[in-house]
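First up is the structure itself, then whatever we jot down about it.
The values are calculated or read from the model by the stated rules, or taken from the named source; none is laboratory data. Keep in mind it's a predicted model, so treat the numbers as computed, not measured. As a convention, Cβ positions derive from the backbone with ideal geometry for all residues, glycine included, and neighbour counts pool all protein chains shown.
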Amino acid sequence: MTVRAITPDYHGDRKDSAEHFHGQQLLYVLWEQHLMYATPHCIPVPPGMPFAALRDQVLPTLYAGHPQAARIDWTRAEWMRDDTPFTPDPAASLADNGLGHKSLLQLRTPDLAGLHGVAF
C-alpha cells in the first residue's frame, strides 16, 4: 500500500532499516503448505551466516513445534528467494546467497503436504 505524506517535504525515519539491528538483518521465513504457521517467521540473522547454519541449526528449532518437522528431508527441500526459485550454496553466506535485509525465504518440502494433507 502506498503511503502519502501530508506535506511534500516530510522525511520520516524508517525504524526497521538494517542499521537499527546491530549487524543483524531481518529474514522472513515461510514453510509453504504448513498452515500451522499463519505468516512467515521474521528472525534476526547475521548476513555473514552460512546458509548451511541457517538450514541445519536455525530452521529446525524454528519449526520444532510442528508435528512433521522431524520428517523434513533437507536434501530434498526446495527454496525460493523473494518469490524466485533458487538453489542455495550451503557454504556461502546469506548475503552471498542473495538474502538481504527483509528478504523472504520460502521452504517447500515435497514429501510433506501439511498436517493431514491440508495445504494451500
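Among the residues that make up segment 63-70, is at least one of them modelled with pLDDT of 95 or more and not hydrophobic (A, V, I, L, M, F, W, C)? Within segment 63-70, none of the residues are modelled with pLDDT of 95 or more and not hydrophobic (A, V, I, L, M, F, W, C). Being surrounded by 14 or more Cβ atoms within 10 Å (Cβ to Cβ), at pLDDT 90 or above, farther than 16 Å from Val58 by Cβ and out of contact with any strand residue (DSSP E or B) (no Cβ under 6 Å at 6 or more places or on another chain) is not true of Asp82. Kindly indicate which of Leu99, Leu107 is surrounded by 16 or more Cβ atoms within 10 Å (Cβ to Cβ), in a loop (DSSP other than H, G, I, E, B) and either touching a residue at least 40 places away in the same chain (Cβ under 8 Å) or at positive phi (or both). Selected residue: Leu99, the only one of Leu99, Leu107 that is surrounded by 16 or more Cβ atoms within 10 Å (Cβ to Cβ), in a loop (DSSP other than H, G, I, E, B) and either touching a residue at least 40 places away in the same chain (Cβ under 8 Å) or at positive phi (or both). Filtered by the rule that a residue be hydrophobic (A, V, I, L, M, F, W, C) and in a helix (DSSP H, G or I), segment 43-94 gives Phe51, Ala52, Ala53, Leu54, Val58, Leu59, Leu62, Ala69, Ala70.
In segment 64-79, of all residues being surrounded by 12 or more Cβ atoms within 10 Å (Cβ to Cβ), under 22 Å from Ser93 (Cβ atoms) and not small (Gly, Ala, Ser), the one that is nearest to the chain's Cα centre (by Cα) corresponds to Trp79. When segment 5-63 is limited to residues that are of a type in the set (S, T, N, Q), more than 13 Å from the chain's Cα centre (by Cα) and within 25 Å of Ala91 (Cβ to Cβ), the one that is surrounded by the fewest Cβ atoms within 10 Å (Cβ to Cβ) turns out to be Thr61.
One residue stands out among those in segment 41-92 that are free of Cβ contacts under 8 Å to residues at least 40 places away in the same chain and polar (S, T, N, Q): the one that is farthest from Tyr28 (Cα to Cα), which is Thr75. Only one of the listed residues (Thr39, Thr87, Thr75) is at pLDDT 95 or above and of a type in the set (Val, Ile, Thr). That residue is Thr87.
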